[in-house]
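Encoded as C-alpha cells, the structure appears first; notes follow it.
The values are calculated or read from the model by the stated rules, or taken from the named source; none is laboratory data. Keep in mind that this is a model prediction, so the values were computed, not measured. Heads up, the Cβs are rebuilt from the backbone with ideal geometry, glycines too, and the neighbour counts pull from every protein chain shown. Each accessible area value is taken on the protein alone, full model and side chains, heavy atoms only, with ligands, DNA and RNA left out. Shrake-Rupley method; radii C 1.70, N 1.55, O 1.52, S 1.80 Å.
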Amino acid sequence: MLKMLRRVADQRRHANGEYAWLFRPYTGDEMVVIDTETTGLDTRSAELVSIAAVRVRGDHILTSDSLDLRLRRPDSLTGDSIRIHGLRGMDLDNGESIDSALARLLDFVGNRPLVGWHLGFDLAILNRELRPRFGFELPNATVDVAQLWRRRLRRRHPAIDNLPRFESAAERLGVPVMGRNTALGDAVTTALMFLRLERADAAGS
C-alpha cells in the first residue's frame, strides 16, 4: 500500500516534468530485462558497479539493442565483491557517474515492464539511488523470473520451499548461462529463462 501511495504521489509530482512519460501506461510489445552488479548484498549500503538491460520483443531477445554500463569505482569496492563480479578498481577507472548511468537507464527502459531474477534486489538499489537524484522510483510493471520458476516447481512439487538458484534453474530449463556474474550476461540468461517459462505456460506444460 505504501509503495502504491508513493507511486501515485510521484506521478502527480512529475505530471508535467521531464520524466512524465515514464508514468504513462505502456501499450507496446516489449519488455526490458535488467541486472546489476554491486559491492554487496545489503540493499541499504551496497553500491552499484555495473548496470545492464536488454529488450525482449515477442520471442526475440534484442541483444544488439542492449545497455551495458560500468560505473566509477565506488568506495565500498572490496576483494570479496571483486571475486564475484570480476570488476577491479582499474576496470572502473573510466566508468560513468551514477547520475549519467541512471539517466541512460531511464531513457533505455522507458515505461516498459521490467523483468529480472530476484528483481526486488536490483530495484531496491536502483530506487535508493534514483529517488534523491530524480525524485521518484521506477514506476514500471515488474516480472520476477525467480518467482515464476518457483511457482512452476511448486506446482509439481508442493513441498519445495527453498529459493531457486540461478544456475540450477537455467540448467533445468535448458538455457545456457551467459557470462555469469556479469550484468549483461545475467540479463541475457534471465531473458532466455523468461521466454522458456512463457512458452511452457502457453503450452500448458
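Of all residue pairs spaced 6 or more apart or on separate chains, those with beta-carbon atoms under 6 Å, a first member in segment 87-106 that is more than 18 Å from L138 (Cβ to Cβ) and a second member that is open to solvent by less than 10 Å² (accessible area, probe 1.4 Å) and modelled with pLDDT of 80 or more are L87/V49; G95/L71; E96/L69; E96/L71. In segment 39-71, of all residues being in a strand (DSSP E or B) and among the polar types (S, T, N, Q), the one that is nearest to R199 (Cα to Cα) corresponds to T63. Summed over segment 1-33, the residues that are open to solvent by less than 20 Å² (accessible area, probe 1.4 Å) and either without any contact (Cβ under 8 Å) to a residue 12 or more places away in the chain or in contact with a helix residue (DSSP H, G or I) (Cβ under 6 Å, 6 or more places away or on another chain) (or both) give a count of 3. Any residue that is closer than 30 Å to E18 by Cα and either among the aliphatic types (A, V, I, L, M) or at pLDDT 95 or above (or both) - is there at least one of those in segment 189-196? There is at least one residue in segment 189-196 that is closer than 30 Å to E18 by Cα and either among the aliphatic types (A, V, I, L, M) or at pLDDT 95 or above (or both). Taking the criterion of being open to solvent by less than 20 Å² (accessible area, probe 1.4 Å) and assigned to a loop (DSSP other than H, G, I, E, B), the only residue of segment 140-155 that qualifies is N140.
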